[in-house]
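Some notes on the structure that comes next.
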Amino acid sequence: MSAAPLSFADFYPRYLREHRKRGTRVLHFIGTTLFLAAAILALLWQRPGLLAVGIVAAYGCAWIGHFFVEHNRPATFQHPWFSLLGDFRLYFDLLRGRERF
């Protein structure tokens, strides 16, 4: 990803092209699930440090997918906010069956 997208609608199709392989999508899904679980537990147990654990788990899984499965650079490095939105949109689209693993 090189040129800055004008909007998330412009960015998301490019995001999906960077997440074509099943292994990358599975790792992103696992990472986002771990983050959401850590965030919920952080709130329930009042342990904000668990958020850091969730963030490390999410990015760790995602970056393993990019570097070792997809063989590309994560969009996070150039478009951190759009990338984060893309991660959550892909996650919920996978849950609803709108995207395939």
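The values are calculated or read from the model by the stated rules, or taken from the named source; none is laboratory data. Keep in mind the model is a prediction, meaning the values are calculated, not measured. For neighbour counting, all protein chains shown are included, and Cβ atoms are generated from backbone atoms with ideal geometry for every residue, glycine included.
When only residues in the stretch 1-12 that are farther than 11 Å from residue 75 by Cα and in contact with a helix residue (DSSP H, G or I) (Cβ under 6 Å, 6 or more places away or on another chain) count, which is modelled with the lowest pLDDT? The qualifying residue modelled with the lowest pLDDT is 5. I'm told residue 59 meets every condition in (1) aromatic (Phe, Trp, Tyr); (2) surrounded by fewer than 15 Cβ atoms within 10 Å (Cβ to Cβ); (3) not in a loop (DSSP other than H, G, I, E, B) except one. Can you identify the failing condition by its number? Every condition holds for residue 59 apart from (2). Looking only at residues in the stretch 4-53 that are free of Cβ contacts under 8 Å to residues at least 12 places away in the same chain and among the aliphatic types (A, V, I, L, M), the one that is surrounded by the most Cβ atoms within 10 Å (Cβ to Cβ) is 41. Residues in the stretch 13-31 that are in contact with a Leu (Cβ under 8 Å, 6 or more places away or on another chain) and either at pLDDT below 95 or over 10 Å from residue 65 (Cα atoms) (or both): 15, 16, 29.
Just the residues that are surrounded by 14 or more Cβ atoms within 10 Å (Cβ to Cβ) and out of contact with any Asp or Glu (no Cβ under 7 Å at 6 or more places or on another chain), please, taken from the stretch 71-83. Before you say what the answer is, go through the steps one by one.
Taking the stretch 71-83 as the starting set, the residues that turn out to be surrounded by 14 or more Cβ atoms within 10 Å (Cβ to Cβ) are 72, 74-76, 78-79, 82-83.
74, 76, 78, 79, 82, 83 - these are the residues of the stretch 71-83 that are surrounded by 14 or more Cβ atoms within 10 Å (Cβ to Cβ) and out of contact with any Asp or Glu (no Cβ under 7 Å at 6 or more places or on another chain).
The set of residues from the stretch 63-80 being over 14 Å from residue 17 (Cα atoms), within 11 Å of the chain's Cα centre (by Cα) and at pLDDT 95 or above comprises just one member, 63. Under the condition of being in contact (Cβ under 8 Å) with a residue 60 or more places away in the chain, over 18 Å from residue 33 (Cβ atoms) and in a helix (DSSP H, G or I), the residues counted in the stretch 63-96 number 2. Of all residues in the stretch 86-101, those that are surrounded by 15 or more Cβ atoms within 10 Å (Cβ to Cβ) and within 8 Å of the chain's Cα centre (by Cα) total 4.
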